[in-house]
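What follows is one structure encoded as structure tokens, with my remarks underneath.
The values are calculated or read from the model by the stated rules, or taken from the named source; none is laboratory data. Given the structure is predicted, the values throughout are model-derived calculations rather than measurements. When we count neighbours, we look across all protein chains shown, and the Cβ atoms used for this are built from the backbone with ideal geometry, even at glycine.
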Amino acid sequence: MRDFLRLLRRFVPPYKKYLGLNILMTVLSGLLTLVSFGAIVPILNVLFKIETPETHGYMPLNWDTFSIDSFKEVLQNNLNTFIVDATQAHGATYILIILGLFLIITTIFRTAAMYFALYFMIPLRTGVVRDIRNKINDKIISLPLAFFSEERKGDILARISGDVNEVENSIMSSLDMLFKDPIYIILYLMGMLLISWQLTLFVFVMLPIAGYIMGQIGKKLKRKSFEGQQQWGGLMSQIEETLGGLRIIKAFNAERKIEERFHKINEQFRQTTVRIFRRQQLAHPMSELLGTVTVAIVLWYGGTLILSENSPIDAPSFMYYLTIFYMIINPAKDLSKSVYSIQKGLASMERVDKILMAESNITDPTHPKPIQFNEQVDYNDVWFKYKENWVLKGVNLTISKGKTVALVGQSGSGKSTMVDLLPRFYDVEKGNITIDGTDIRAAKVHDVRQLMGIVNQEAILFNDTFFNNIAFGVANATMEDVVAAAKVANAYEFIIATDDGFGTNIGDRGCKLSGGQRQRLSIARAVLKNPPILILDEATSALDTESERLVQDALEKLMQNRTTIIIAHRLSTIRNADLICVVHEGEIVERGTHDELMTLNGYYSRLCAMQSV
Ligand SMILES: Nc1ncnc2c1ncn2[C@@H]1O[C@H](COP(=O)(O)OP(=O)(O)O)[C@@H](O)[C@H]1O
Ligand SMILES: [Mg+2]
């Protein structure tokens, strides 16, 4: 329950207004229920021709000596007086019509109040879920890349879709019950106390016992639900992996293998679900049973009271009492059901919170320094690891302004890692990276990234127009700027050949385009941003020779008058670099110009020899 209150405190405050209106309406409908069923007593009196007690004419309420008992007495007396008078004047059937009308009218107001209570709850429910989704999305964008190598994508998707839905279904749908039911229960109990405190005392003893029994069942449910949602996450991961790898799965005839793997975890998920549902379904029969037991006991006790001499309660009032008591059972049942639902929802919320509460370790310092790039970038004894093994071991490198530095080496040697540290996709473990002597961690992340443009092996495009894809990193780009950038990147021709030119939508991840076209678009994006530092990580290695020529040409234009770090698979593309560094197992083992390295006759010359074969 504490978890639940904390959840409310986190997400409900913006919707306080709606909650207030909801509670107000609920109280109103509860009161109207009591009042409208109050008509039962006189109706029964009339029907069973029970002697009406002697009346003293209409009595005013004396506020000075006000007490519950005197209030009851006055109310009862005045009502009886009215009925006796009216019966004498118009007959018993007339009274029945009046009482029937009274019942109808109060019920109209009561149900209207109930409707409006729900009406005001809806903006709260939907609002909270929207806020949670927005928060997850914003959090995902702000979290460092390192977070996502640990958490699998499918699992994150499962959290956004499945778990947030679960929160909506279980917690939010229980929310109105959770505010409504206790109010009803309290109001009805008060009404019952008013009718007969002796009977009500009895009920008070029964309720906590029933509550305890129900609570015990709920506890286990949360743990099982957590397990279930976790397995659902695994399932989503699997589907996501399968979708991405269909081509390979088919090529390697691995359908059976993947099928079996999926069926296995699907079955596990089902087994957990079976246990969850069974336990959840227990709530209904349990509360039914407990309710009936209580009613039976109350009937017995009430009966003995009525039959005894000097009964504190007459039969019609007892019927009224039972009616109200019967009406307590439903909210009490709903309440126990919503306690179960909430347990289930809280399990999902815990998983959502694993994202929401994740700390981003790549953040702005409290007093950020301004950062500029006029001289050089320095890697000073940089050490880095993703998990246990060091991936970079003491890298020292200076990149002077305007120069082109190339990194070469086997795949897995740590080249991409090296350049990923510069825009702070990851932070160094030991040592530091400085730009003009300022540690990049001392400046704002935004300012550091503003200095850089990145073109990767795989062009990352969005389901949007050519224009928006090129203008992605620049606010208020004009059409002239975008066209100019596209021309530099050799992308202009194929863009204007499409139906809507720059306004053409490129489709999901640019799937309508060839690899070379996609790459030229991401180059155009870098051209438009016009960053002082350019990072090219195998920008041409995924391309065929023909499109590589166009892309290479675009890259060369982009590199002019710029500081560039280039990682290239094909050594021919970096021949003219000012400095070539050979990276081997996380260290720079050779450095120099092409000619210098060739004469060294070491790693580099061996790499060149391999490629010319
Ligand atoms: N996100 C990651 N999580 C864990 N290990 C990684 C991650 N990215 C790369 N590695 C590991 O770090 C090493 C260097 O990788 P990388 O820098 O990509 O090499 P290169 O770009 O030279 O091919 C490799 O052993 C690789 O397995
Ligand atoms: Mg790489």
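Brief remarks on what is shown
- Criterion (of a type in the set (Phe, Trp, Tyr) and crowded, with 20+ Cβ neighbours inside 10 Å) met by exactly one of Tyr320, Tyr326, Tyr301: Tyr320
- The set of residues in segment 558-587 being over 28 Å from Trp383 (Cβ atoms) and either within 16 Å of ligand 2 (Cβ to nearest atom) or part of a strand (DSSP E or B) (or both) consists of Arg570, Thr573.
- Residues of segment 506-513 include none that is modelled with pLDDT of 90 or more and in contact with a helix residue (DSSP H, G or I) (Cβ under 6 Å, 6 or more places away or on another chain).
- Per the conditions (1) in contact with a Pro (Cβ under 7 Å, 6 or more places away or on another chain); (2) under 30 Å from Phe179 (Cβ atoms), the sole criterion not satisfied by Thr106 is (1).
- Filtering segment 163-180 to residues that are in contact with a Lys or Arg (Cβ under 9 Å, 6 or more places away or on another chain) and either more than 28 Å from Tyr326 (Cα to Cα) or modelled with pLDDT of 85 or more (or both) leaves Asp163, Val164, Glu166, Glu168.
- Residues of segment 194-206 that are in a helix (DSSP H, G or I) and in contact (Cβ under 8 Å) with a residue 40 or more places away in the chain: Leu194, Ile195, Gln198, Leu199, Phe202, Val203, Met206.
- Of the residues screened, Ile535 is one that is within 16 Å of ligand 1 (Cβ to nearest atom), in the same structural domain as Gln450 (by TED's automatic domain parsing) and within 26 Å of Asn561 (Cβ to Cβ).
- Checking each residue in segment 447-459 for being among the hydrophobic types (A, V, I, L, M, F, W, C) and within 16 Å of ligand 2 (Cβ to nearest atom) picks out Ile454, Val455, Ala459.
- The residues of segment 425-443 that are within 16 Å of ligand 2 (Cβ to nearest atom) and over 13 Å from Leu392 (Cα atoms) amount to a single one, Phe425.
- Any hit, segment 539-548, residues being in a helix (DSSP H, G or I), modelled with pLDDT under 85 and surrounded by fewer than 17 Cβ atoms within 10 Å (Cβ to Cβ): yes
- Members of segment 574-589 found to be charged (D, E, K, R) and either under 16 Å from Leu392 (Cβ atoms) or in contact with an Asp or Glu (Cβ under 6 Å, 6 or more places away or on another chain) (or both), listed by number: Glu585, Glu587
- Scoring Asn253 on the criteria (1) outside any helix (DSSP H, G or I); (2) in contact with a helix residue (DSSP H, G or I) (Cβ under 8 Å, 6 or more places away or on another chain) leaves a single failure, condition (2).
- Condition check for Arg110: assigned by TED's automatic domain parsing to the domain that holds Leu47, of a type outside the set (A, V, I, L, M, F, W, C) and within 30 Å of Ile156 (Cα to Cα): no
- Flag if Asp155 is closer than 19 Å to Ile239 by Cβ, touching a helix residue (DSSP H, G or I) at 6+ places or on another chain (Cβ under 7 Å) and assigned to a helix (DSSP H, G or I): yes
- Scanning segment 538-572 for residues being hydrophobic (A, V, I, L, M, F, W, C) and more than 16 Å from ligand 1 (Cβ to nearest atom) gives a total of 7.
- When Val488 is tested against the conditions (1) surrounded by 15 or more Cβ atoms within 10 Å (Cβ to Cβ); (2) hydrophobic (A, V, I, L, M, F, W, C); (3) at pLDDT 90 or above, the lone failure is (3).
Per-residue answers, yes or no, for (1) farther than 17 Å from Leu145 by Cα; (2) within 16 Å of ligand 2 (Cβ to nearest atom):
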residue: Ala406; (1), (2): yes, yes
residue: Pro423; (1), (2): no, yes
residue: Val445; (1), (2): no, no
residue: Leu461; (1), (2): yes, no
residue: Asn468; (1), (2): yes, no
